[in-house]
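Down below is the structure, laid out as structure tokens.
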Amino acid sequence: MRLILYITTLLCACSCYAQEYAFPPNFQFGVATAAYQVEGGWNSSGKGENIWDRLTHTRSELITDGSNGDIACDTYNKAIEDVQLLKSLGVDFYRFSFSWSRILPTGTANKINPDGIRYYNEMIDELLANGIKPFATMYHWDLPQPLQELGGWPNSVIADLFADYANVLYENFGDRIKDWITFNEVGVFCGGGYESASMAPAYNGAGFGVYLCGHTVLRAHGKAYRLYESKYKASQGGRVGITIDSGWYEPASESPVDIEAAETAIQMGFGWFAHPIFSTDGDYPPVMKQRIAQKSAEEGFSRSRLPEFTSEEIAEIRGSSDFFGLNHYTTNRCTIIPDGWGTPPSQWTDAGALCSQDADWEPSASSWLKVVPWGFRKLLVWIKNEYNNPEVVVTENGFSDRGELRDCRRINYYNSYLEQLLKAIHEDGCNVSGYTAWSFMDNFEWMRGFTERFGLYYVDFNDPNRPRTPKMSYYVYKNILATKRVDWKYSPDSFDECEF
Ligand SMILES: *[C@@H]1O[C@H](CO)[C@@H](O)[C@H](O)[C@H]1NC(C)=O
Ligand SMILES: *[C@@H]1O[C@H](CO)[C@@H](O)[C@H](O)[C@H]1NC(C)=O
């Protein structure tokens, strides 16, 4: 009896205490956006056309509401005033992306657009003048259209052109930008662009184009990292990383078959990019090379559909990230693919895993995003164990709805996910140094147009001035940043309390 009582007390003490964990004093908070989703000014002052301009203008039927990013949040004209909104939120950094076509209209570095340099210079200077660190992504999905005409990412030449672009960015902005991300979510833009035709350039190259895309991007990343290391790091003193996205892949059951399916799925969905950069051996995960080679042979291909790195490339890419940028939103359960499922070749028949979401998990406005906070902690622990506890910066995490100002379910999402993050730091020893809410404001959500909203600020896209209004979650996030704690009881005065 006494023992049971003791254990119960201890358990309660632990779980009550868990909510009291604070973020470490040097933990960094930010919010994120991406150029095409917010900037607008799609053809202003010398900007070139990119693949999202082209897709939305020529195939608007693919966009849920037929909209585009021509004006979006009009950040092209509002970047300076937006800095005051960031300042009042209290962020340490602002994660934004450069528009490649605004800097280099044709994609190549022989012609620099002065207005592109001016635009980002003014924004960066304003951020720094207000004590906010610029955290810059070089590529958030908006390839210059002329490079797409050459085949886009599956063309290996684009790796060198990307390094040239990175060089222009380091040279012009590296005196002030100390945190660089080369690529955002390679798996998503290669998968959407070249596997499932669900993102620009919307090409269906299932099981083939997708790996060519990923291969060029990994080589481009390695080149951009080594360029900084050899030419800029000593004088500029910054760091360069990459952002890889992953859900958590939970086995559908405790059967060894499902456990293996989930592990194969995470290796081939996430390890695809993480293993070449963060593992001690480098290169693609062994299970990925083996499975794709075997499937390719069975399907009559004369070589594996997964390209091979040279040993020089493996060495160049291995260790080429000063931190692990992680985007995480949701979780899936994985089981082994039933016989006859799907049409090979495809990424998922290659992985042999079928992943889906439980019907009773809380939905969001996005079909793929269910609220599963415990998956976040499991993923962080998996990264710690798999890649020798690298420094992780969570570069995106957030929740979509239809744009309500009293956004209780977004608040529930942030509180729940941040609680799991705190447990990962304090109970599991995960080395997480920063967190970024997606998104600063409602914006153009790719194929979903303006129908799915992730912002802490509401944006009225029917008003030419695109006014920004803080949602209830804005105040809650601000309170978290100020107190370094999650407080379920905190409720801003201007809103009726949420019930959780
Ligand atoms: C820019 O695009 C708009 C449509 O969004 C068009 O009306 C305008 O003429 C274009 N301007 C230039 C300089 O091409
Ligand atoms: C976290 O990573 C940073 C950067 O690599 C390192 O300096 C620090 O010692 C690590 N902390 C832990 C607890 O491993």
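Every number in this text was worked out from the coordinates using simple rules, so none of it is lab data. Keep in mind that what you see is a predicted model, and the values were worked out from it rather than measured. Cβ sites come from the backbone with ideal geometry, for glycine too, and all protein chains shown count toward neighbours.
At-a-glance table
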| read-out | value |
| --- | --- |
| Cα centre as origin, Lys/Arg/Asp/Glu Cβ charges: region 93-199 dipole, Debye | 140 debye |
| Cα convex hull of region 207-272, projected area averaged across orientations, nm² | 6.1 nm² |
| Charge-dipole axis of region 177-259 as Lys and Arg at +1 and Asp and Glu at -1 on Cβ define it, positive-most pick from 236, 205, 182 | 236 |
| Inter-site label distance for residue 26 and residue 374 at 7 Å from Cα along Cβ, in nm | 3.4 nm |
| Calculated [θ] (222 nm, deg cm²/dmol) that DSSP helices of n ≥ 4 give over the chain, each run adding -39,500 (n - 2.57) | -12500 deg cm²/dmol |
| Given charges at beta-carbon only (K, R positive; D, E negative), |dipole| of region 375-438 in Debye | 180 debye |
| Residue-span extension gain [residue 427 to residue 280] - 0.36 nm each, minus C-alpha spacing | 50.4 nm |
| Among 340, 364, 354 the positive-end extreme of the charge dipole of region 327-390 (Cβ point charges) | 364 |
| Order by protection proxy (mean Cβ within 10 Å, highest first), peptides 246-256, 261-271 | 261-271, 246-256 |
| Separation between Cα centres of region 309-374 and region 419-493, rounded to whole Å | 24 Å |
| Values of log10 I(q)/I(0), in the order q = 0.17, 0.19, 0.22, 0.24 Å⁻¹, for region 123-193 under a Debye, Cα-only, solvent-free model | -0.72, -0.84, -1.01, -1.11 |
| Cα-based Rg of the chain normalised by 2.2 N^0.38 Å, two decimals | 0.95 |
| Virtual spin-label span in nm between residue 150 and residue 125, 7 Å along Cα→Cβ | 3.3 nm |
| Electrostatic dipole magnitude of region 231-283 [Cβ: Lys, Arg +1; Asp, Glu -1; Cα centre; debye, to 20] | 720 debye |
